[in-house]
Amino acid sequence: MSEQTAVKIKTLLIEDNENDMIIVEDGLSLEGKGEFEVIWANSLSKALNLLKAEEPDVALLDLGLPDSKGLEGLERICKEAPSLPVIVLTGLNDEATGLQAIQSGAQDFLVKGQMAPAVIRRVIHYAIERKRSLLMKDHFMNLVSHELRSPLGILKELLMQLSEGLLGPVTKKQEDCIAMGMETLKRMEDTSSTLLDLAKIESGKVELTSTAFDLIELAKSLASGFRFPIEKKGLILEEDYRADKVMLTADRNKIAQVLTNFLNNAAKFTQKGIIILRVTERPEAIVCEVEDTGVGLAANDLPKVFNKYEQFGRYRDKKAGTGLGLSICKEIIGLHDGQIAVRSELEKGSVFSFSLPRK
Ligand SMILES: Nc1ncnc2c1ncn2[C@@H]1O[C@H](COP(=O)(O)OP(=O)(O)OP(=O)(O)O)[C@@H](O)[C@H]1O
Ligand SMILES: [Mg+2]
């Protein structure tokens, strides 16, 4: 058998109770068989110093330290070492705090009194892997946003100059090629901004910029943009507004994004008939619907329609897009404390709607 030469997992244990410290340390030496090196800090300030000096691979953090209480310690650690996986130690019957810690950036939690050696080891390994894949995802999203989006912008600019004849006369054939290139670029831009939207939403970095605006005015302006492609497909676009003006305080761009996806989907998944854009005012809520006479959805697909990457039926092809549109819509409406809903019947059509509370 080969001798074990693997690098040890440097584990920073931030715990003021010596008994709990011993349980973790013994557990790791028993189960880990030399896999772990444990560094102990009995206060947050000592831990913050060790973060720099020792550069640990993982931290186990007690939430009741002499110099920090509750999630405050977690926040400090995450701020000082954003790429460090942190596992929180909670008391018995305190699962709620553990779950709250996960929402605040911890990878996992261990309940004191239930820390079997095998459990501690598994949780540490899982936390390290999970954090690594989150960091890779962040890195990928950065790549999408900077490395891909800027060259796309440059290509678009070059194609514009070509099509406007700024670089010499353009033949009909060349014009067609440029138009195809522009369309492809637009699809790539749409996909990259969808991915970025999702990454922002998932990392909790989305902030709403709420203003007061007229939803009917927004609906009318979006409808006018969609009228041409919808009518070109031989469909009818009807606008049904039950009021002259419906004032709303919300993030106008994000609400426009939701309506745009609803209209886009209706246009994409309807081959004949009519698409209706409707705004209704109710005493407690404002409701906006896009109804179509398209392919519809099967009853067993309906509960999945707002999940990520779900695409249904024969439209599961590249034309359908990324399958992220509706999941982003759901998040946006959720951020506004609203409700998103769908009614649909296969081969008959669908109604996608959102309602926003009157504030
Ligand atoms: N109006 C509709 N009629 C029938 N099926 C629909 C309708 N809207 C959405 N769907 C189904 O739900 C799936 C998910 O829609 P979603 O908007 O999330 O993604 P997408 O349109 O496929 O891609 P993206 O919006 O990311 O470009 C679609 O692929 C389609 O199968
Ligand atoms: Mg869509």
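FYI, it's all coordinate maths here, none of it is from the lab. Predicted model, so just to flag it, every value in this text is computed and none were measured. With ideal geometry, Cβ positions are generated from the backbone for all residues, glycine too; neighbour counts draw on all protein chains shown.
How much net charge surrounds ALA212 when only the other residues with a Cβ under 14 Å from the Cβ of ALA212 are counted, with Lys and Arg +1 and Asp and Glu -1?
Its environment carries a net charge of +1.
Name the shape class, rounded, prolate or oblate, that the alpha-carbon gyration tensor gives for the range 77-122, where a ≥ b ≥ c are the square roots of its eigenvalues, rounded holds for a/c under 1.5, and otherwise prolate holds if a/b is larger than b/c and oblate otherwise. Mind dumping the intermediate values first?
Details: a/c = 2.78, a/b = 1.43, b/c = 1.94.
Cα axes put the range 77-122 in the oblate bin.
I need the phi-derived Karplus couplings for the range 222-230: 6.51 cos²θ - 1.76 cosθ + 1.60, θ = phi - 60°, integer Hz, Gly and Pro marked x.
5, 4, 5, x, 8, 4, 4, x, 5
Over the chain, what is the percentage of antiparallel beta bridges among all DSSP beta bridges, to the nearest 5?
Numbers: 28 of 52 bridges.
Bridges in the chain that DSSP calls antiparallel: roughly 55 percent.
Quick one: Karplus J couplings for the range 154-164, per residue in order, coefficients 6.51, -1.76, 1.60, θ = phi - 60°, nearest Hz, x for Gly and Pro?
Result, rounded to whole Hz: 5, 4, 4, 4, 4, 5, 4, 4, 4, 5, 7.
For the range 90-135 and the range 285-304, what is the separation of their C-alpha centers, rounded to whole Å?
If we compute the Cα centre of each part, the gap is 39 Å.
Quick one: grab the alpha carbon gyration tensor of the range 206-262, order the square roots of its eigenvalues as a ≥ b ≥ c, and give me rounded if a/c is under 1.5, else prolate or oblate depending on whether a/b is larger than b/c. Don't skip to the answer; put the middle values down first.
Values: a/c = 3.45, a/b = 1.63, b/c = 2.11.
Oblate is the answer for the range 206-262, as a/c is 1.5 or above yet b/c matches or exceeds a/b.
With a 10 Å Cβ neighbour count serving as the proxy for reagent exposure, in which order, fewest first, do TYR241, TYR126, TYR309 appear?
With the fewest neighbours first, TYR241, TYR126, TYR309 line up as TYR309, TYR126, TYR241.
For the cross-link pairs LYS200/LYS220; LYS79/LYS131; LYS220/LYS304; LYS200/LYS304; LYS10/LYS69, which exceed 19 Å when the distance is taken from alpha carbon to alpha carbon?
Beyond 19 Å: LYS200/LYS220; LYS220/LYS304; LYS200/LYS304; LYS10/LYS69.
Please give the net charge around ILE332, taking every other residue with its beta carbon less than 9 angstrom from that of ILE332, where Lys and Arg add +1 and Asp and Glu add -1.
Local charge sum for ILE332: -1.
In square nanometres, what is the average projected area of the Cα convex hull of the chain? Please report the intermediate quantities before stating the final value.
Working: hull surface 107.8 nm².
Directional mean of the projected Cα hull area for the chain stands at 27.0 nm².
Give me the number: length gained by fully extending LEU185 to LEU335, i.e. 0.36 nm times residue separation minus the C-alpha to C-alpha distance, one decimal in nm.
Additional length available on full extension: 51.0 nm.
How big is the range 15-72 on each of its three principal axes, counting only the C-alpha atoms and giving the largest first in Å?
33, 25, 16
Summing +1 for each Lys or Arg and -1 for each Asp or Glu, what net charge is found among the other residues whose Cβ lies under 9 Å from the Cβ of ALA266?
Cβ neighbours under 9 Å give a net charge of -1.
In terms of modelled amide H atoms, which long-range or inter-chain residues lie less than 5 Å from the amide H of LEU110?
Under 5 Å from the amide H of LEU110: VAL88, LEU89, THR90.
What is the fewest-to-most order of ILE333, ILE14 by other Cβ atoms lying within 10 Å of their Cβ?
Fewest-to-most Cβ neighbours within 10 Å comes out as ILE333, ILE14.
If eta is 1.002 mPa s and T is 20 °C, what Stokes-Einstein diffusion coefficient results for the range 236-359, Kirkwood Rh from Cα pairs, in µm²/s? It would help to have the intermediate numbers written out before the result.
Details: Rh = 14.8 Å.
It comes out at roughly 144 µm²/s.
Based on the Cα gyration tensor of the range 132-185, what are the three equivalent ellipsoid semi-axes, each the root of five times an eigenvalue, rounded to whole Å and given largest first?
Ellipsoid semi-axes (Å, largest first): 34, 11, 5.
Expressed in nm², what is the orientationally averaged projection area of the convex hull enclosing the Cα positions of the range 163-319?
For the range 163-319, averaging the hull's shadow over all directions gives 12.9 nm².
How long are the semi-axes of the equivalent ellipsoid of the range 27-149, defined as square roots of 5 times the Cα gyration tensor eigenvalues? Whole Å, largest first.
Calculated on Cα positions only, the semi-axes equal 25, 17, 16 Å.
How big is the equivalent ellipsoid of the range 85-177 along its three axes, where each semi-axis is √(5λ) from the Cα gyration tensor, reported in whole Å from largest to smallest?
Those come to 56, 12, 8 Å.
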